[in-house]
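> Take this structure, written in structure tokens, and hold onto it; I'll ask about it next.
The values are calculated or read from the model by the stated rules, or taken from the named source; none is laboratory data. This is a predicted model, so every value here is computed, not measured. Neighbour counts run over all protein chains shown; Cβ positions are idealised from the backbone, glycine included. The accessibility values were calculated without ligands, DNA or RNA, using every heavy atom of the protein model including side chains. Shrake-Rupley method; radii C 1.70, N 1.55, O 1.52, S 1.80 Å.
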Amino acid sequence: MTEPADVPEMTDAATPALRDARRAWILGGALLTAYAVMVLVLGGYPGLIPGVAGGVLLDLLWAAALLVLALGVRRAGSVVARRPLGVVALAVAAAVPFASMLLWTVVPPDPRDDAGIVMLGQGLMVLSLAALVVAGVVIGRAGAVPPRVRWLPLIVIAVAAAAQIAVQIVVVAAGTNLAQPELVVLVMGAPMLGTLGALLLGILTIVFAPRDEPRRDGPVQVYPPAA
């Protein structure tokens, strides 16, 4: 028996988009992993990259990772499904480190104005955190990330933010008595959670990168032939 004329055929029309999405996830994940690794390396060897070059390198890796994951490659592979709110949120989070660097360099604050310096630093941190939280929510709801890990970015952000808030509370409560070993460990260790979270997300982004569907040549029979 011959096959019906209207039997659909499998094509590889979606393959280029899948490949671009995979490139976006692998590239974005690699950049995010490289950022986290560099933070850890420079934390252990602060003189490895002299001057401000280390900070600039970290900011570039961070911004490149977020922008690739936000926009994808040739419009494919966006973790926020290119939703405007998610793209803007990730772009803001990518830009905050550069804005902070320019602000401190071009308009250096008065060293005598401790309150102003603290408020400015806290304001930039809150802006970055808010942008990341919004991006995490969009990632969770957009459906571009596998269901079992789609809320993981928001969880990582929440844990890192909670650790930073706890540090701020402890520092304010301790006042000038910050030499206690427990406080030193807390103050030094809290930022590490964010770095380890970024490392985890970078690795998982590579692991869960979209894969090409196996190509099938020829028509696929949907209905069994008539008896």
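Matching residues to (1) open to solvent by 50 Å² or more (accessible area, probe 1.4 Å); (2) in contact (Cβ under 8 Å) with a residue 40 or more places away in the chain; (3) closer than 22 Å to Ala190 by Cα:
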{"site": "Leu48", "(1), (2), (3)": "yes, no, no"}
{"site": "Asp59", "(1), (2), (3)": "no, yes, yes"}
{"site": "Arg74", "(1), (2), (3)": "yes, yes, no"}
{"site": "Arg82", "(1), (2), (3)": "yes, no, no"}
{"site": "Gly86", "(1), (2), (3)": "no, yes, no"}
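The rows are residues; the columns are (1) at pLDDT 90 or above; (2) open to solvent by 40 Å² or more (accessible area, probe 1.4 Å).
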residue	(1), (2)
Met1	no, yes
Ala24	yes, no
Leu40	yes, yes
Ala53	no, yes
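> Would you tally the residues in the range 137-148 being farther than 12 Å from Trp25 by Cβ and either in contact (Cβ under 8 Å) with a residue 40 or more places away in the chain or among the small types (Gly, Ala, Ser) (or both)?
Within the range 137-148, the subset farther than 12 Å from Trp25 by Cβ is 137-143, 147-148.
Next, from what is left, pick out any that are either in contact (Cβ under 8 Å) with a residue 40 or more places away in the chain or among the small types (Gly, Ala, Ser) (or both): 138-140, 142-143.
The qualifying residues number 5.
> For the range 92-102, enumerate the residues that are touching a residue at least 40 places away in the same chain (Cβ under 8 Å) and surrounded by fewer than 18 Cβ atoms within 10 Å (Cβ to Cβ).
Across the range 92-102, the qualifying residue is only Met101.
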